[in-house]
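This report refers to the structure that appears directly beneath it.
The values are calculated or read from the model by the stated rules, or taken from the named source; none is laboratory data. This structure is a prediction, so every number in the text was calculated from the model and none was measured. Here the Cβ positions follow ideal geometry from the backbone for every residue, glycine too, while neighbour counts run over all protein chains shown. Each accessible area value is taken on the protein alone, full model and side chains, heavy atoms only, with ligands, DNA and RNA left out. Shrake-Rupley method; radii C 1.70, N 1.55, O 1.52, S 1.80 Å.
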Amino acid sequence: RDFCLSRGLGDVYKRQDIGTDIDDSWAVALSLKRPELDIKLILTATFNTINRAKIVAKFLTIVGRTDVPIGVGLWQNNFVGPLDDWSSSFNLSTYKGKLFDDGIGEAIRIIESSPDPVTIMEIAPVSNIKEFLKRRPDLASKVNIKAMSGSIKICYGGRIGACPEYNVATDLDASQQFYATAWHSPMMIAPIDVGYLAILNGAGYQSLLRSNDLILRTLLECYDFWHAHGGGSGIDPTKTSTTLWDPVAAYLTWSNDSFVELQTLKIVVTNRAITDAGSVGQPVLTSLSWGSTGLQNWQNEVEATLLQ
């Protein structure tokens, strides 16, 4: 779990690219609400990882969770996205929790020192994973992966057929290594096939808007700011969430197959950034569809978790 440590689930840390889309913020809020998770590290990923760390640090400071360590991932360029200005005035040096400039080094320390396998919640492009494998390929055998990644039979918008998924396509070489690695157990993914349906609306969503819970209010503040600064064109935050890609993968961390139907597929990443299921590649536990009531149950569980 690329972001946390969980009681009874083994060590966990979370890798995420908060600030571009808003679903990362939902995944953070949900994880903070899970009593079985004892978060060990949030590692920022992709492009301006310093400013992404500022978003995480401000969020955790507001909600009183500076017990959560933050790691800065590989810096690539200045891009963040619509949530960047939300934390622009936050001084990282004032964060009261632990902050690691070399977040990948701290992730390595967590994995190396853990007596049990560590689970990475991977909800971003995997450039940090590539660097981790470059430094310590021997530690892959101590890592379990739960990821928002790939497209098998369905593309964005529910279109039929596989297509390059953002987390895979953003760093193709890293993604090819990611899928080719033999982890402690088969990687588990929530691809577009299930993620494109993961939206909250209706009466349950309205109950979230009425809540005074601090974590939820901070999440919705981020959502409103993100939307007002160019995120989610055509979406009305007073009526619906965006597509919550990352929270589907987050639930794989603590719920496994209770909402989705999993199949074991052998997957390789092609040079066109397609997650191709065939006769070669590492086995991957793949969420290809929701169960008969899985999507509704998942939506109800997300809402109940945020309201607790």
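Close Cβ contacts (under 7 Å, 6 or more residues apart or on different chains) running from residues in the range 74-94 that are in a helix (DSSP H, G or I) to residues that are hydroxyl-bearing (Ser, Thr, Tyr) are absent. Mind checking whether some residue in the range 128-136 is among the charged types (D, E, K, R), under 21 Å from the mean Cα position of the chain (by Cα) and closer than 25 Å to residue 41 by Cα? Yes: one or more hits. Comparison of 91, 144 shows that the only residue that is open to solvent by 10 Å² or more (accessible area, probe 1.4 Å) and touching a His at 6+ places or on another chain (Cβ under 6 Å) is 144.
Candidates in the range 269-303 are the residues that are over 21 Å from the mean Cα position of the chain (by Cα) and among the β-branched types (Val, Ile, Thr); of these, the one that is surrounded by the most Cβ atoms within 10 Å (Cβ to Cβ) is 270.
Out of all the residues in the range 40-68, which are among the basic types (Lys, Arg), under 19 Å from residue 222 (Cα atoms) and over 14 Å from the mean Cα position of the chain (by Cα)? If the condition is that a residue be among the basic types (Lys, Arg), under 19 Å from residue 222 (Cα atoms) and over 14 Å from the mean Cα position of the chain (by Cα), then 54, 58, 65 are the ones that fit.
Whether a residue is open to solvent by 10 Å² or more (accessible area, probe 1.4 Å) and in contact with a strand residue (DSSP E or B) (Cβ under 9 Å, 6 or more places away or on another chain) was assessed, and residue 189 does not pass this test. Taken together, the criteria exclude residue 110 from residues that are touching a residue at least 60 places away in the same chain (Cβ under 8 Å) and not in a helix (DSSP H, G or I). Please indicate, with yes or no, whether at least one residue in the range 238-248 is in a helix (DSSP H, G or I), touching a Phe, Trp or Tyr at 6+ places or on another chain (Cβ under 6 Å), open to solvent by less than 70 Å² (accessible area, probe 1.4 Å) and more than 19 Å from residue 181 (Cα to Cα). Checking the range 238-248: at least one residue is in a helix (DSSP H, G or I), touching a Phe, Trp or Tyr at 6+ places or on another chain (Cβ under 6 Å), open to solvent by less than 70 Å² (accessible area, probe 1.4 Å) and more than 19 Å from residue 181 (Cα to Cα). Would you say residue 200 is among the aliphatic types (A, V, I, L, M) and open to solvent by less than 10 Å² (accessible area, probe 1.4 Å)? When the stated conditions are applied, residue 200 passes them.
For the range 259-287, a tally of residues being small (Gly, Ala, Ser), touching a helix residue (DSSP H, G or I) at 6+ places or on another chain (Cβ under 8 Å) and over 22 Å from residue 169 (Cβ atoms) returns 0.
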